[in-house]
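Since every read-out is calculated from the coordinates, none of them should be taken as a lab result. Everything quoted here is computed from the prediction, not taken from an experiment. Heads up, the Cβs are rebuilt from the backbone with ideal geometry, glycines too, and the neighbour counts pull from every protein chain shown.
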Amino acid sequence: MDMSLTLRIIAVVFMVLIQYACGNFVFNVTHKFAGKEKQLSELKSHDSFRHARMLANIDLPLGGDSRADSIGLYFTKIKLGSPPKEYHVQVDTGSDILWVNCAPCSKCPVKTDLGIPLRLYDSKASSTWKKVGCEDDFCALISQSDTCEPNTKPCSYHVVYGDGSTSDGDFVKDNITLDKVTGNLRTAPLSQEVIFGCGSNQSGQLGQTDSALDGIMGFGQANTSVISQLAVAGNAKRVFSHCLDNVNGGGIFAVGEVESPVVKTTPLVPNQVHYNVILKAIDVDGEPLDLPPSIASFGGNGGTIIDSGTTLAYLPQDLYNSLIKQITARTPVKLHMVQETFACFSFTSNTDKAFPVVNLHFEDSLKLTVYPHDYLFSLREDMYCFGWQSGGMTTQDGSDVILLGDLVLSNKLVVYDLDNEVIGWVDHNCSSSIKVKDGSGAAYSVEADNLISASASSVINGTFVTLLSILIWVFLSFTS
């Protein structure tokens, strides 16, 4: 998407309050690369584009990196059907459904440059597969159609992403198998029936060989997300966290309450499609910058969005200009634009010593510190570029929007607590481990992981990949 365009957010958020003290799951997530020929401008265009029962926490294997000089996209491995089969899906906090490519599909990708096998979900090969009709309660949540012929029309979806990529198909019901935490660094399979999209047609980046995956797993706030379905069944709390390692790659992704490290939080703005928070101030090494009034007060639908599905960080034009001017005041450099997108400069010294930190201050005194090695990336040995971008993003009523992606979220444990409607973070070594607490109060260690193989890592080095853009609008409808 052209970031100069107005951000249009068209969606309805369905919230559910779950009263269970549930367990934990972990996910392994991996980096998706797009090849050395990837253009820097594509990084930006892609960005425009989450009780008494003693239950297990979930561990998702994680992999990849989020460095701007090797722009990463994180994906995980899940199992669907009976017998369970493995699928690799992107983890996306900007969308609300899980979908995978399904057989038959003439336009679904059949191979990928990621070094992983692609697989089409085949309902005929699963003994636990069920249809989801338009009369299903799930479909009533997401459909915009008034017409339904029970037992004849399927519950269908059409998803449009910000870069123009689309996915179409029907919802189905089957078992998902995840890794529940059973002890320190130990997991065991847990299976639950969920509803997910069975994709029959993909377009744009979703169908390209260099960036193909089996699907996308949304961790948005709606009732349609897998985490909400797990919560309704009593198998998890609506709490998840990620720690994205842009030093060694991979990291941690877990569903469940984090006991350590301790994370301070800020309130989520209610009734928003994305994870919106209230930004109170920005300073550059202690020197404050003026915020647009709509950002500071959250007037209308403005504010600040936290999105791990976005690579860079996008600011209103005036704020961006002030930030770059203040950052370069101490160490003047001659800026030039690369591909009309990135402000770059020649430099051979230590950037962390030469340039200041940027502090973002949120409601309830939560601070996020962005270091020079976070907001600068190297194109070559003697050239650096700013990851900060002039987004020009506004809501439909004209309020300014700040979008904060992995540029500022990497090397931090970020916790999304939907039950308490808060989000928080703390600096953390994402190559280490965290502790998650289950319904009994027992806390277990979950360690970092990286699904990228050694051979794939050698290919990834030096390539440019974008995180799939935040979901700008989703139209979910019946098939005609």
query = trypsin sites (Lys or Arg not before Pro), restricted to the stretch 324-359: which are DSSP loop and have at most 12 other Cβ atoms within 10 Å?
reply = 330, 334
note = Applied in sequence order to the stretch 328-335, the curve 6.51 cos²θ - 1.76 cosθ + 1.60 (Karplus, θ = phi - 60°) yields integer Hz couplings, x standing for Gly and Pro, of 8, 5, 6, 10, x, 9, 8, 8
note = Amide H contacts under 5 Å for residue 132, restricted to residues at least 5 apart in sequence or on another chain and with H modeled in the peptide plane, are 155, 173
remark   = So the FRET efficiency between residue 107 and residue 335, C-beta based with R0 = 45 Å and rounded to 0.05, is 0.60
query = Which of the aspartates and glutamates could a cross-linker bridge to residue 173, judged by Cα under 13 Å and excluding same-chain residues fewer than eight apart?
reply = 122, 136, 137, 193
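Taking a threshold of 19 Å on the Cα-Cα distance, which of the pairs 79/153; 111/180; 237/435; 79/124; 280/367; 264/437 fall above it?
Working: 79/153 27 Å; 111/180 30 Å; 237/435 15 Å; 79/124 16 Å; 280/367 10 Å; 264/437 17 Å.
Over 19 Å apart, Cα to Cα: 79/153; 111/180.
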query = Taking the highest mean first, how do the peptides 188-198, 309-319, 361-371, 242-252 order by number of other beta carbon atoms within 10 angstrom per residue?
reply = 242-252, 309-319, 188-198, 361-371
note = A student applying the Cα gyration tensor rule (rounded when a/c is under 1.5; otherwise prolate if a/b is larger than b/c, oblate if not) would label the stretch 270-416 prolate
ask   = What is the Cα centroid distance between the stretch 331-387 and the stretch 198-255, reported in whole angstrom?
value = 29 Å
